[in-house]
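See below for the structure under consideration.
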Amino acid sequence: TLNPKSITMGELYGEFNLMTNEWTDGIISTIVREACNSVAQGDNAKKWICCDGPVDAIWIESMNTVLDDNKTLCLNNGERIKLPATMTMMFEVNDLAVASPATVSRCGMVYLEPVYLGWRPVAHSWAMHVMDKRFEGSGEKIMTMLDTVGDKTLAFLRKECKEHIVSVDINLMMSFTNLLDSLLRAEYGVKDDNLDLMLSKFFVFSYIWSLGGNLHDTSHKKFEEFARMTIAELVSDFPFDNTVFDWKVDHATGRFVHWSELVPEFKYVHGAPFFNLIVPTVDSTRIKYILRAQIDGGHHVLIGGNSGVGKTVIV
């Protein structure tokens, strides 16, 4: 899977070095060449190339010969590589607004509307095929809790709240599953003997910081009031003294502890440049915690914020 818009045409299909006139293969030409070599060696397994990104005339027109019945990739160096019968091209796009009729007529179309697909297939697949293998029985428990709060929370966010970055329901649910997946590990104190305790606590923590983490400041109070009701359905010992964003799960005891207890002490280094001094705060501490958990879990993270708020320093 690759996003063709994230790289240049030369990196995608291949290009000549202007200094040496030497040809260098691109990503797609390399993948196709490797597939042809594997077929020549007797490998008849099905292979897919998925282009996940916007379709436009800049790069898709070079695919027209690939999408024809002859399935041939034509490169700028005059080489023609015929795709084996076991290889299929698939394009995952949001729309075809700028695709030419030549491209559209060469592809079979499958249109999926989010309203019919929903978030459950993605969450169920993750819970049963990832979490259930890590902790037996956890998948069904996660889906039970998601069924309790998922639909009504998403409906509330769409109706009452404003987001910093526009999202869709599946996107928010993937953010939730990624964060929960990162935390339900032995490094964070989760074991088979304390799974029931830690699962519900980390579920609530992930619920707050994924579904409520992208909200505009003006929507925090609305989400706060709503989240208090839904959290009460999941855990009985959540402390509502402050906001729901002020609490973290202690890895050793499973209790909710205030972020202020975890802020490291600031130590002044004499002679250090002023702009190199970083004073830890509650905000920086919890953002670093979530960032580290996601990275350790192997997931990508997008940090949003206005210019000058310290995103680069935290990273």
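The values are calculated or read from the model by the stated rules, or taken from the named source; none is laboratory data. All of these numbers come straight from a predicted model, not from anything done at the bench. A quick note on method: Cβ atoms are made from the backbone with ideal geometry, for glycine too, and the neighbour counts reach across all protein chains shown. These area figures cover heavy atoms from the full protein model, side chains too; ligands, DNA and RNA do not enter into them. Shrake-Rupley method; radii C 1.70, N 1.55, O 1.52, S 1.80 Å.
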Being of a type outside the set (Lys, Arg), free of Cβ contacts under 8 Å to residues at least 12 places away in the same chain and under 18 Å from GLY150 (Cβ atoms), is that true of even one residue in the range 218-233? yes
Do we have any residue at all in the range 29-37 that's part of a loop (DSSP other than H, G, I, E, B) and surrounded by 10 or more Cβ atoms within 10 Å (Cβ to Cβ)? no
Filtered residues of the range 27-50 (kept if of a type outside the set (A, V, I, L, M) and either within 17 Å of ASN64 (Cα to Cα) or in contact with a Ser or Thr (Cβ under 7 Å, 6 or more places away or on another chain) (or both)): SER29, ASN44, LYS46, LYS47, TRP48, CYS50
From the residues in the range 156-170 that are part of a loop (DSSP other than H, G, I, E, B) and under 16 Å from GLY304 (Cβ atoms), which one is most open to solvent (accessible area, probe 1.4 Å)? VAL166
Name the helices (runs of 4 or more DSSP H) wholly within the range 202-315 that hold at least 3 residues that are at positive phi? none
Considering only the range 248-261, how many residues are without any contact (Cβ under 8 Å) to a residue 24 or more places away in the chain and farther than 17 Å from LEU195 by Cα? 4
Checking PRO84 against (1) over 24 Å from the mean Cα position of the chain (by Cα); (2) free of Cβ contacts under 8 Å to residues at least 24 places away in the same chain: exactly one of these is not met. Which one? (2)
List every residue pair whose Cβ atoms sit under 7 Å apart, with the two residues 6 or more apart in sequence or on different chains, where the first one lies in the range 62-78 and is under 9 Å from ARG106 (Cβ atoms) and the second, anywhere, is open to solvent by 50 Å² or more (accessible area, probe 1.4 Å) and assigned to a loop (DSSP other than H, G, I, E, B). ASN64/ARG106; LEU67/ARG106; ASP68/ARG106
For the range 188-218 the number of residues that are within 12 Å of ASP250 (Cα to Cα) and of a type in the set (Val, Ile, Thr) is 1
If you take the residues in the range 208-253 that are within 24 Å of the chain's Cα centre (by Cα) and among the polar types (S, T, N, Q), which one is most open to solvent (accessible area, probe 1.4 Å)? ASN214
When residues of the range 258-303 are filtered for being exposed (fewer than 11 other Cβ atoms within 10 Å of the Cβ) and within 28 Å of the chain's Cα centre (by Cα), how many remain? 3
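Each row is one residue, and each column tells you yes or no for (1) hydrophobic (A, V, I, L, M, F, W, C); (2) touching a helix residue (DSSP H, G or I) at 6+ places or on another chain (Cβ under 8 Å); (3) without any contact (Cβ under 8 Å) to a residue 60 or more places away in the chain; (4) within 24 Å of THR177 (Cβ to Cβ).
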| position | (1), (2), (3), (4) |
| --- | --- |
| PRO264 | no, yes, yes, no |
| ASN276 | no, no, yes, no |
| PRO280 | no, no, yes, no |
| ASP283 | no, no, yes, no |
| ALA293 | yes, yes, no, yes |
| HIS300 | no, yes, yes, yes |
| ILE303 | yes, yes, yes, yes |
